[in-house]
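The values are calculated or read from the model by the stated rules, or taken from the named source; none is laboratory data. Everything numeric in this text was worked out from a predicted model, so none of it was measured. With ideal geometry, Cβ positions are generated from the backbone for all residues, glycine too; neighbour counts draw on all protein chains shown. Just so you know, the surface numbers come from the protein's heavy atoms only, side chains and all, with ligands and any DNA or RNA stripped out. Shrake-Rupley method; radii C 1.70, N 1.55, O 1.52, S 1.80 Å.
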Amino acid sequence: MTTLIESDEHKALRAAVTSFAKAHTDTADLWRAAAELGYIGVNLPEAYGGGGGGITELSLVLEEMGAAGNPLLMMIVSPAICGTVIARFGTEAQKQTWLPALADGSRLMAFGITEPDAGSNSHRITTTARRDPASGDWLLTGRKVFVSGVDIADATLIVGRTEDARTGRLKPCLFIVPRDAPGFSRRRIDMELNSVEKQFELVLDDVRLPTDALVGDEDAGLLQLFAGLNPERIMTAAFAVGMGRHALARAIEYARERTVWDTPIGAHQAIAHPLAQAHIDLELARLMMQKAAHLYDAGDDAGAGEAANMAKYAAGEACVKAVDQAVHTLGGNGLTREFGLARLITASRVARIAPVSREMILNYVSHQTLGLPKSY
């Protein structure tokens, strides 16, 4: 029942974030202001300066910021992925170093997993880490693409692979790479996407890292990786639901006020019904997002994995349809800078593509949930 009816505390948080987000239109100041109110670190442990909540609360915050037209993409990366992984698996020193700073917004962390030749296939990751026999340091080599906010992040949590001494096979591991580490370089990718956060390609050329740069247990492998990927999918769903709600609200306002032949255009079913359908789809996506968040916060990683993928899929589809219908409702005005909807056409596609494509989610559901044979 908790996934269907929000608690009074969550309703109060939603109302407070809504009021805050509508009052702060300066995106440069938004992160700092949100952090001061505890919104950025709401999911991180209280012992390290966070709010003591979970992905349920953090996704709520991001959704409402998106609904107000002020989404913060780095919330998906810094507190949700990186903060969660460090809180669950980091050493005490890593927790002390990073969690308070991530919680109060004074430091940010990016996340690098995707590679030019290993998009959806994490088993094809070629970024590798090897030990320097003389010093015990790690040497990290590889490339990453489509990494958000590297220029404003103090470090990047890099997914690499190390060799298992027993089997010789490569296994995934996570490393904290400081922004100014020698051999760690970045190149901005020219995106046709209107976003404050920029995208980068990274090159790691024998980046030397101390032993304590490794997060968690070297043998934990996929468990640690998916501890970050499930929150990423849930938060992407929140991002998409918020964006869709924002576009829909603008279209509804326009449909109420725009009058043709003495009748508001919203009175016509050709206008009203598609908007109603968009609202229904967004509400359904939000329910799955809430279910996924509750499962994750309850420690059910397997259940959360299925629900998080479904939530991300549903929210991405609902967002694209809501934005498209909003633009169509406004007609020519939907493409003007004045109404601010046209820029969402490109942005709404992100949730269909990243962090995993809708086709890969359908593959996941086909063989993980339905038990059908793999096609790859």
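Worth a mention:
- One residue stands out among those in segment 194-216 that are within 15 Å of Ala129 (Cα to Cα), aliphatic (A, V, I, L, M) and assigned to a strand (DSSP E or B): the one that is most open to solvent (accessible area, probe 1.4 Å), which is Val203.
- In segment 106-124, the residues that are among the polar types (S, T, N, Q), open to solvent by less than 70 Å² (accessible area, probe 1.4 Å) and modelled with pLDDT of 70 or more: Thr114
- Verdict on Ala298 being within 22 Å of Val42 (Cα to Cα) and more than 16 Å from the chain's Cα centre (by Cα): yes
- Near pairs, Cβ below 6 angstrom, 6+ apart or cross-chain, from segment 360-376 (farther than 17 Å from Arg233 by Cα) to any residue that is open to solvent by 80 Å² or more (accessible area, probe 1.4 Å) and part of a loop (DSSP other than H, G, I, E, B): Ser366/Leu372; His367/Lys374
- A single member of Thr128, Thr156 is closer than 20 Å to Leu202 by Cβ and open to solvent by 10 Å² or more (accessible area, probe 1.4 Å), and it is Thr128.
- For segment 54-88, a residue qualifies if it is in contact (Cβ under 8 Å) with a residue 60 or more places away in the chain and of a type in the set (Gly, Ala, Ser), and the qualifying residues are Gly54, Ser59, Gly66, Ala67, Ala68, Gly69, Ser78, Ala80.
- Helices (runs of 4 or more DSSP H) (entirely within segment 1-89) containing at least 3 residues that are modelled with pLDDT of 95 or more and in contact with a Lys or Arg (Cβ under 7 Å, 6 or more places away or on another chain): 55-67
- Arg258 meets all of the listed conditions (1) more than 23 Å from Val150 (Cβ to Cβ); (2) of a type in the set (Lys, Arg); (3) surrounded by 22 or more Cβ atoms within 10 Å (Cβ to Cβ) but one, namely (3).
- Boolean, Arg250 is buried (at least 19 other Cβ atoms within 10 Å of the Cβ) and under 27 Å from Thr329 (Cβ atoms): yes
- Number of positions in segment 296-339 that are surrounded by fewer than 24 Cβ atoms within 10 Å (Cβ to Cβ), closer than 17 Å to Gly54 by Cβ and touching a residue at least 24 places away in the same chain (Cβ under 8 Å): 3
- Some residue of segment 230-245 being farther than 26 Å from Thr346 by Cβ and in a strand (DSSP E or B): no
- Those residues of segment 34-54 which are open to solvent by less than 30 Å² (accessible area, probe 1.4 Å) and among the aromatic types (Phe, Trp, Tyr), in sequence order: Tyr39
- Residue in segment 276-284 that is modelled with pLDDT under 95, more than 21 Å from Ser195 (Cβ to Cβ), within 24 Å of the chain's Cα centre (by Cα) and of a type in the set (A, V, I, L, M) present: no
For every residue, the table says whether it meets (1) open to solvent by 60 Å² or more (accessible area, probe 1.4 Å); (2) modelled with pLDDT under 95; (3) out of contact with any Phe, Trp or Tyr (no Cβ under 8 Å at 6 or more places or on another chain).
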{"residue": "Arg186", "(1), (2), (3)": "yes, no, no"}
{"residue": "Glu192", "(1), (2), (3)": "yes, yes, yes"}
{"residue": "Glu218", "(1), (2), (3)": "no, yes, yes"}
{"residue": "Ala227", "(1), (2), (3)": "no, yes, no"}
